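Asks: Mind looking over this structure? Questions follow.
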Amino acid sequence: MGEGGKVRQPQARVIFVGKSTSSYAIHGLRKNAAVELANAGCSPMEIAAITGHKTLGMVQHYSKRRDQRVAARSAMDKWERIGKPRNGTG
């Protein structure tokens, strides 16, 4: 808690190595963060907690660019963990 019992918002910290910060827009960084967090397997609620989006619809809008290969691998891993049925045997 901050002064006067107010909850402090986390401050974003970004490190730019060899780049001018003037070439980045906060909006773009927020969108890219949503995509990368989705690629890392974060839930929409986790992404919203980090990016500060107020609605899950906006999180889904920005994270729809999630890498399909990453999503497919994650889905297959889950399917294999539960013992996927064999082809033709139900």
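Asks: For the range 23-81, what value does the Rg/Rh ratio take when both radii are computed over Cα atoms and Rh is the Kirkwood radius, given to two decimals?
Replies: We get a ratio of 1.03 for the range 23-81.
Asks: For a label point 7 Å from the Cα of D67 along Cα→C-beta, name the residues of the range 23-54 whose backbone N is under 12 Å from it.
Replies: 36-41
Just so you know, all these numbers are worked out from the coordinates, no wet-lab data involved. Quick caveat, the model's predicted, so the values are computed rather than measured. In this analysis, Cβ positions are derived from the backbone assuming ideal geometry, glycine residues included, and neighbour counts consider all displayed protein chains.
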